[in-house]
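Below is one structure, written out as structure tokens; comments come after it.
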Amino acid sequence: MKKYVSIRREMEQASRGKNSWDRIGAVLDVIIKELPFRRMAVLLFREGEGDGISAYMVASSGLSRAESKILENIIIPVNEKNGLLANAFVSRSVRRADGRQLPRGLMNDSKSVAILPLYMEDSLVSFMSQKGLLPSTEERAFGVVVGELADDAWQSEAIMELLTVISDDIASSTVNAKLQEVMLADTEQSERETIMALEIQQALLPRDLPRLPGLELYASSHPAKEVGGDFYHFIPLRGKGSKLGILIGDAAGKGAPAAMLMAAMTSTIGQLARRTRNPARVLAKANRFLLSRLGNYSPYVVTAFYGILDINGRTLTYASAGHVPPIHYRNKDKACAFLPGPGMLLGSFLDCRLENRTVELSPGDKIVFYTDGINDARNLKREFYGEGRLPELVQRNSQKSAQELLRLIQEDIIAHLDGPQAPRDDITIIVCSFEP
């Protein structure tokens, strides 16, 4: 069997340049070729139906045309205590929509069947459920990848990790495909895309801010006239001590393309961050994901800053992919400094060289994360807000609370713009304050 990394690269090459549904099929073809699976299928849920969930197939590998036809409409049973039955196919309890059992040998003739749930960020799934693009079932998953195994070799740790990554990739591709479908199908495409882009952006922004001992945190995002690609996300991290992942970024472009890219990056980085505590590795893997979807010569790039805030250890370990540097107010020195480490933009090159940096934090310190919409904010005299104005404001108001400092920054930007008109680019701000 090929090494884990080699198989991942083959999947990336096979799926490059294809649309979302064909990309999923290409990934399944590689799995069948390189791993001990006889056949695989991706099933998406519809609404709950009786004691089960209605599901339909969107991609497969190793299935005949007749078998694929059967899986277009099936019912997967749900257990009240355990949710979706993981052994539903092995126990032959999966049935067709008309109540008949699946034919013997169709994903149910083997003692080993792998079922991988498809998950996405709750806010995005909730938004798509409201739009009728995904089911509003009680299951957190919106679909499953089902694979019939040739043997039990898949139970190795490396294969299990690979399958988990694959299910995340398929989940992201599925959501992207669904969003593209609804945008392309609408007759009022331009107007509809703008509305949908704004709805996607607002749905992905955190509704509730994390509340951790010793940390005060406030954030805001103000959309431009043309919806841009600003995004931010807070990722609670399990483990010893209180750790919080902080992500902020900007997807290039405007309207629907930027919103789609923002949605893909938010969900992908969020999933990667829960598997590794290495910010540079998280962003590097997100870069490979982006290029595998869009190709090496795509015009779409993303700036991103991802850091892990250790509340107990008083440190911020971070990596930056071409994002504007956050401002760190050091209470000991009574001075502001930019956090170094620009890095390469995501989506620019496959070999994305990023590095981790760690900054120590002291009581009374503040960190202001933001997007370049602030520096590029231009008033009626065509004067830019610039890079130096924000650090000066933060230093002058260093003793203010995070909430008050955020308000003062917003007011200063409005004053520069000669009024509350919408800026030309999104403006996103996160203020973190560490209690003295």
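The values are calculated or read from the model by the stated rules, or taken from the named source; none is laboratory data. Everything numeric in this text was worked out from a predicted model, so none of it was measured. Positions of Cβ are generated from backbone atoms using ideal geometry, with glycine treated the same way; all protein chains shown enter the neighbour counts. Heads up: the accessible areas ignore ligands, DNA and RNA and are worked out on the full protein's heavy atoms, side chains in. Shrake-Rupley method; radii C 1.70, N 1.55, O 1.52, S 1.80 Å.
Quick one: accessible area per residue over the stretch 282-436, 1.4 Å probe, rounded to a whole number of Å²?
Details: 6890 Å² over 155 residues.
Counting only protein heavy atoms, the per-residue value for the stretch 282-436 is 44 Å².
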Based on the mean of other beta carbon atoms within 10 Å per residue, what is the order of 373-382, 205-214, most packed first?
373-382, 205-214
Tally Lys/Arg at +1 and Asp/Glu at -1 over every other residue whose Cβ is under 14 Å from the Cβ of Leu393; what's the total?
0
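My understanding is that a pair violates if its Cα-Cα distance is over 28 Å; which of Lys334/Lys381; Lys69/Lys285; Lys332/Lys381; Lys243/Lys285; Lys285/Lys334 do that in this structure? Numbers along the way, then the final one.
On the way: Lys334/Lys381 33 Å; Lys69/Lys285 36 Å; Lys332/Lys381 38 Å; Lys243/Lys285 21 Å; Lys285/Lys334 37 Å.
Violating the 28 Å Cα-Cα cut-off are Lys334/Lys381; Lys69/Lys285; Lys332/Lys381; Lys285/Lys334.
Based on the Kirkwood radius over alpha-carbon pairs, what value in µm²/s does the Stokes-Einstein equation return for the translational diffusion coefficient of the stretch 300-359 at 4 °C and 1.567 mPa s? Present the calculation step by step, with values, prior to reporting the outcome.
Values: Rh = 12.5 Å.
It comes out at roughly 103 µm²/s.
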Excluding Ile248 itself, calculate the net charge of residues whose Cβ lies under 13 Å from the Cβ of Ile248, where each Lys or Arg counts +1 and each Asp or Glu counts -1.
-4
Could you work out, for the stretch 335-397, what percent of all Cα-Cα pairs fall into each 5 Å distance bin, beginning at 0 Å and stopping at the bin that holds the largest distance?
3, 12, 18, 18, 18, 16, 9, 5, 1
Taking every alpha carbon pair in the stretch 252-291 and sorting the distances into 10 angstrom bins from 0 up to the bin holding the longest one, the percent per bin comes out as 31, 49, 19, 1
Carbon and sulfur: what percent of the stretch 245-377's accessible surface (1.4 Å probe)?
54 percent
